[in-house]
Amino acid sequence: MWEGEGYSSGLNESVVYYTEAHVDLEHDVVKKALASSIQRDGLVYSLFEGFISIDNGITSQGWVGSFPGEMYPEICDENGLTESGSIADSILPVTFVEVSNDV
């Protein structure tokens, strides 16, 4: 689950999952792994509900970077520039999936 800085939520009462790569949720293996995580985290009761949660969620791709001494990453552009104008290190592509925890 995302605990970093810079993500603007698009849903009320939501949880944001992310993976350190640009992935395509149209691939069944990727979608099933995420649905399983959502189920294990207790947001839904069944794998089927996990799939529905993903389908009703918001998916986006971007980049995150880190700063020395900081525990969590921060959203940035592909060059490491954050909203605050700082330049992050260790830039990684990510895919965010925001799902409602009000199922």
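Tabulated data for the structure shown
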read-out: Residues of region 75-103 satisfying the condition of being assigned to a strand (DSSP E or B) and closer than 22 Å to Asp24 by Cα; value: Ile75, Cys76, Ile91, Leu92, Pro93, Val94, Thr95, Phe96, Val97, Glu98, Val99, Ser100
read-out: Trp63 vs. criteria surrounded by 14 or more Cβ atoms within 10 Å (Cβ to Cβ) and either at pLDDT 90 or above or among the hydroxyl-bearing types (Ser, Thr, Tyr) (or both); value: yes
read-out: Unique match (being within 15 Å of Ser100 (Cβ to Cβ) and free of Cβ contacts under 8 Å to residues at least 60 places away in the same chain) among Gly50, Gly10; value: Gly50
read-out: Residue check for Gly50: surrounded by 12 or more Cβ atoms within 10 Å (Cβ to Cβ), of a type outside the set (Phe, Trp, Tyr) and at pLDDT 90 or above; value: yes
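Per-residue answers, yes or no, for (1) surrounded by 16 or more Cβ atoms within 10 Å (Cβ to Cβ); (2) among the aromatic types (Phe, Trp, Tyr); (3) part of a helix (DSSP H, G or I):
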{"position": "Tyr18", "(1), (2), (3)": "yes, yes, no"}
{"position": "Lys32", "(1), (2), (3)": "no, no, yes"}
{"position": "Ile38", "(1), (2), (3)": "yes, no, yes"}
{"position": "Gly42", "(1), (2), (3)": "no, no, no"}
{"position": "Met71", "(1), (2), (3)": "no, no, no"}
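The values are calculated or read from the model by the stated rules, or taken from the named source; none is laboratory data. Everything quoted here is computed from the prediction, not taken from an experiment. Note that we place each Cβ from the backbone using ideal geometry, even for glycine, and neighbour counts take in every protein chain shown.
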